[in-house]
Structure formats: structure tokens, C-alpha cells
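One structure is given here, and the rest of the page talks about it.
The values are calculated or read from the model by the stated rules, or taken from the named source; none is laboratory data. What you see is a predicted model, and the numbers here were worked out from it, not measured in a lab. Here the Cβ positions follow ideal geometry from the backbone for every residue, glycine too, while neighbour counts run over all protein chains shown.
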Amino acid sequence: MSNLNIGSQNIKIAYIHNMTYPSLEANALQAITMASAFSKIADTTFFMPRLKSSISALKQQYNISDSSLRIQPMYLDRLPSGLSAYYEQYVSLYLRFYPKWAGFQGKKILFVRAPKELLFWGLQRESQKWLRDWVFIFEAHDVAGLDPNKFQGVNPFELRDGIEGEYRQSLLRAMRNFDLVVCVTQALADDLSFWSNNTLRPQVIRHASFLPRISSLPQISSFGEKIVLGYIGTIDQYRGVNVILDAMRLLPKNYILRLVGRVRQERGVDPNWLTNYMDEPLLAGRVELINAVPIQKVAEEIDRCDLLLQPASHDMIDSRYASPLKSYDYMMRGKPIIAADVPGHHELFRNGENAFLYRVDPRHLADCITKLVNNPGQAEKIAQTGWKQSADYTYRRRAEKILSLV
């Protein structure tokens, strides 16, 4: 039962996400899992532009087959190509005129997380009177889609001239038209508040894990002869996976690295970078590459590892604003975590308590790994502290926290 004093008959949620499903993208998983969590508290419909499977198969794939979530694809693939770009307009007409929505007398909530939806719905609210009865929630994961590497801490909304300036002012206006802005890190919330002269007051509600939580405190008395390091997530240099591979060169041969996930091709990065690493004599046979596994298998992959790695790069988004889902997954499964020492990780991790922090440097990462392996008592403390902390990182609790702010 929900701790909130609301019932499913008093509230409807329209979660609008501009992504074709099924998708391997992490934000696709997070969005539909979040919508499913909302559906356990209130009548929730998840809107998407296109669906390439049946609804029942989709729920099975995302491990929400027992969910009461309503899934509403707009089937844009059935329209002429010129019309398929008007996803938001079609959803707007649906919400305005479909009797189930138009005639509903309770509280109606519109929830979005992508900059495109933010811009459309935020500006629509200025001219569409029917939207003024809705509660608007925007979940921000970055600076509304702007690249902070390009303005390096300078207020991006000070720019007013030219096409780019007009666009940024439109983004700020759209955000101000939302009733609630939710951030997953305090750094992002603070920056948005400061840059908007405190007209935005984002609330911080951290990520969650969809994985089952192990039933008891993890116990680590010693490590075996073979040490299995694990990284589960998107494999690219933006997330600092190359630093892990550089560190592997410095570790003894009994250290094995398991990379589980989708390899993402990055602009400006040699497409053969990962192959080149795996072909090196020092790494040959010591790096296992496993393609992205079904959601139901993620916990199993984590459990096969002795230590879990949460890397990062010096990219502004990755190091300052990101709060990777894998961190919460690692905690749920009671594993010792070694994480990059970057500002964004300081909000979740405390060095020596729920993680070992390493400078974004291969030598320091290798030293941290061997130090933790040689001190299983410290590894156990880290695993147990993270596991205790994970009790608060479920999607159900996250949904309750968000709705409690409405």
C-alpha cells in the first residue's frame, strides 16, 4: 500500500516519452520502469511514438508484466513520413479530446523527461488554456539538453542574441512553466536554480534500481584465486571505460574484467578502440565482452563479479551531473564498488564507507583495486553499507517521493 494519501481514482498521470520501443537505451528502461512505478499508485498511461512489438511482449521484456501500466503507442509508423514528426501534437489532441482524459475531474499530471517534450509542453501551456488545469513535472538529467562543455560553468541562459540565444530563452521559459522540476543530482539542481535567478527551484530525487535486492547482508571473508572485476552498462569512452582497460594492463594476470553491455560508437573516437585493447598481449584473454543482456539477467551478471566498477570521464555531464543507474544496481546486489572520484559521485558515494574512490587515472584505479582485494574486511564494509543504503532506492519509493511533492 502507498504511504500517500491519494487513490488511483483521484489522479491520472500521462508519462510522455519520445522514444520508439523496445529500445536498448538506458533512458528507455528508466522511463518505462518509472511509469510502471507510478501505475502502482495512480492511473498511469505511458505514451510513446511507435511500438515494434505487442504490449504484452513489451511488458515481459521490461519485467513489468504484472504492472497495471497503460501503454499507449501513437503508431506514427502508420502515418505518411511527413506527418510522423508531429508526435507531441497528436498526444496533445488525445489528452484534450479523448473522453477518458477530457472528462476526468481529478488531478491530472503530465510527466516528461526529454528536452524536446519540455520545450513543446512548456510553451504550449502559455497558449492552451486547457493545460492550465494540469500539473506539469519535468525530470531533468542535464541542462535541458544543452552541452555544459560548451559554456564551462557560465550561465547558459545569459545568452539572448541570435538563434541559439532565442532557443535557450525558450528552454528557460518552458521550464518555468512546469510546476515541478526533478533532478537526480544536487549539482544540477543548484545550477538550474542559480542560472534562473531562483525562479526554478528543482527538487532532488535520486535514481532507483529495478533489480531485486538481496535478502541479507553480504558477507566477504576472502577473495578467490581469480578476481573478477565487473562493469555493467554502456561501453564507451564517455563513461570512462577506457580508463578501466588501461588499469587492467597494470594488474596481475589473475584479474579478469567482464564488460556487459552495448558498445556505443562515439563521434571523434576510433571505432576500433575496444578491439585494439582486447587484441593487446597484456589484455588478451583477460577481458570478457558480453552483449547487453535481458533485464531479467542483469542481477545474475552482477553476481558473477567480485568487485564492481563505476567509472567516469572528465566530460562535464558525466562527471558533474550524471547519476548512473548501475551504481544503484550494484548496491542492490550487495557488491563492493570502486567509483571514479568525480563531483557527481560525491553525492552518492563516501570514500571508504560505501565505495572506494579513485582518481580518473589508471594507476590509481589499479592501486585501489588491489588494495580492496587485499583487505576483504574493507570490501565487506563497503558492500554492506551500500546494501543498507539501497533500501531507499526502489522505484516505488521514488514514485511516492515525486507524487508527494505534487
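If you go through the range 252-274 and keep only what is in a loop (DSSP other than H, G, I, E, B) and among the aliphatic types (A, V, I, L, M), you end up with just VAL269. When you look at ARG96, is it assigned by TED's automatic domain parsing to the domain that holds LEU123 and in contact with an Asp or Glu (Cβ under 9 Å, 6 or more places away or on another chain), yes or no? It is false that ARG96 is assigned by TED's automatic domain parsing to the domain that holds LEU123 and in contact with an Asp or Glu (Cβ under 9 Å, 6 or more places away or on another chain).
In the range 236-262, of all residues being in contact with a helix residue (DSSP H, G or I) (Cβ under 6 Å, 6 or more places away or on another chain) and among the β-branched types (Val, Ile, Thr), the one that is nearest to LEU308 (Cα to Cα) corresponds to VAL260. Given the criteria without any contact (Cβ under 8 Å) to a residue 60 or more places away in the chain, crowded, with 21+ Cβ neighbours inside 10 Å and out of contact with any Asp or Glu (no Cβ under 8 Å at 6 or more places or on another chain), does GLY261 qualify? Yes. Taking the range 15-41 as the range and being in contact with a Ser or Thr (Cβ under 6 Å, 6 or more places away or on another chain), of a type in the set (A, V, I, L, M) and surrounded by 23 or more Cβ atoms within 10 Å (Cβ to Cβ) as the test, only ALA35 passes.
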